[in-house]
Amino acid sequence: MSVATVLEKENVVWQSENLGDELETLRCPHFVVLDIETTGYSPQKGGRIIEIAAVRVVNGEIVERFSTLVNPQLKIPERIERLTGITNEEVKDRPTIYHVLPAFYRFIGDAVIVAHNLEFDWERFLVPYFYKVSIFPENRTLCTMKMFKKLVPGRGRSGYRLEDMCELLNVPLGNHHQAIHDAESTARCLIEWIRMFAPEALSEQERHIPEQVEIPHTPVEVKRVKYWEKRKNKREMYRRLYVNLTNGSAWGSVFFDIPTKTWGNKDFPLPLDLKKVEAAVVEFLQLESADELVHYRN
């Protein structure tokens, strides 16, 4: 394979000699290409996820899709509604991020995670939110924006948008800023790069079967369950059960949010399957079922 490939339609020189680990990553058989929409640019400044979408690519083919709106539990700014087309009415009855992420983790499986601006979608938002549900993903990653910059340098600061990449690769981009469409277009760009730079990954003799994963879990002991409440505003209150856990060497706590019936991680440092924690709490409190957690007070 030559160190540079010319895309004849646009007469672009793709400078593959600039690739390092990305070239090896392209040879992987299994990718999940994702995109999210959010209410803002930073979780630390109140930004919340309102849509997650992803497509699975196996041996250079899109074989499966994941897409859901997410209730951010706050009002979506008007400018975000205009940009994404996602309204407050559409998300009000959708699952929260705490409901969505365990299912999304199972969808990801053993895939290489791909996004156009991985730092934003994956590192800034999804990984910290995974931590909030006690999941610590260790997947390999690939940023198509960074790879685009290496392959076609010198386009300037604003020359590496998703629409620019799609245009050069002759990939359709419909309904931009709707997560499933952006994820699919990014995936089709990725497939073009696999064909150009790692065609051996498309061999029919090496068909990959994605691994079915379970949520990692650290066996723990429940030490204490404490009810907590705090007024949110005139109409609403925070109501939670905080659960102290230990595995003998590590200590920390998780919480059960009563209004949304969801579990989250406060500060336990090891992986947990929170459904297994729920079962342990039910047994610790000698309840008949998890349904009774919403009524527990002490």
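Computed values, structure above
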{"item": "Test: residue in segment 82-102 that is assigned to a helix (DSSP H, G or I), over 18 Å from residue 39 (Cβ atoms) and modelled with pLDDT of 95 or more", "result": "yes"}
{"item": "Residue under evaluation residue 191, criteria (1) surrounded by fewer than 15 Cβ atoms within 10 Å (Cβ to Cβ); (2) under 26 Å from the mean Cα position of the chain (by Cα); (3) modelled with pLDDT of 95 or more; (4) of a type in the set (A, V, I, L, M), criterion not met", "result": "(1)"}
{"item": "Segment 90-122: number of residues that are of a type in the set (A, V, I, L, M) and open to solvent by 30 Å² or more (accessible area, probe 1.4 Å)", "result": "1"}
{"item": "Given (1) hydrophobic (A, V, I, L, M, F, W, C); (2) in contact (Cβ under 8 Å) with a residue 12 or more places away in the chain; (3) open to solvent by 20 Å² or more (accessible area, probe 1.4 Å), number of the condition residue 63 does not satisfy", "result": "(2)"}
{"item": "Count - residues of segment 119-175 that are assigned to a loop (DSSP other than H, G, I, E, B) and not aromatic (Phe, Trp, Tyr)", "result": "22"}
{"item": "Any pair with Cβ under 7 angstrom, 6 or more apart, that starts in segment 268-282 at a residue that is of a type in the set (D, E, K, R) and ends at one that is surrounded by fewer than 17 Cβ atoms within 10 Å (Cβ to Cβ) and in a loop (DSSP other than H, G, I, E, B)", "result": "273/217; 276/217"}
{"item": "Elements of type strands (runs of 3 or more DSSP E) contained in segment 198-298, each with 2 or more residues being under 22 Å from the mean Cα position of the chain (by Cα) and surrounded by 11 or more Cβ atoms within 10 Å (Cβ to Cβ)", "result": "251-257, 262-265"}
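The values are calculated or read from the model by the stated rules, or taken from the named source; none is laboratory data. Small disclaimer: the values here were computed from a predicted structure and weren't measured. Neighbour counts are summed over all protein chains in view; Cβ atoms, including those assigned to glycine, are modelled from backbone coordinates with ideal geometry. With ligands, DNA and RNA removed, areas are computed over all heavy atoms of the protein, side chains included. Shrake-Rupley method; radii C 1.70, N 1.55, O 1.52, S 1.80 Å.
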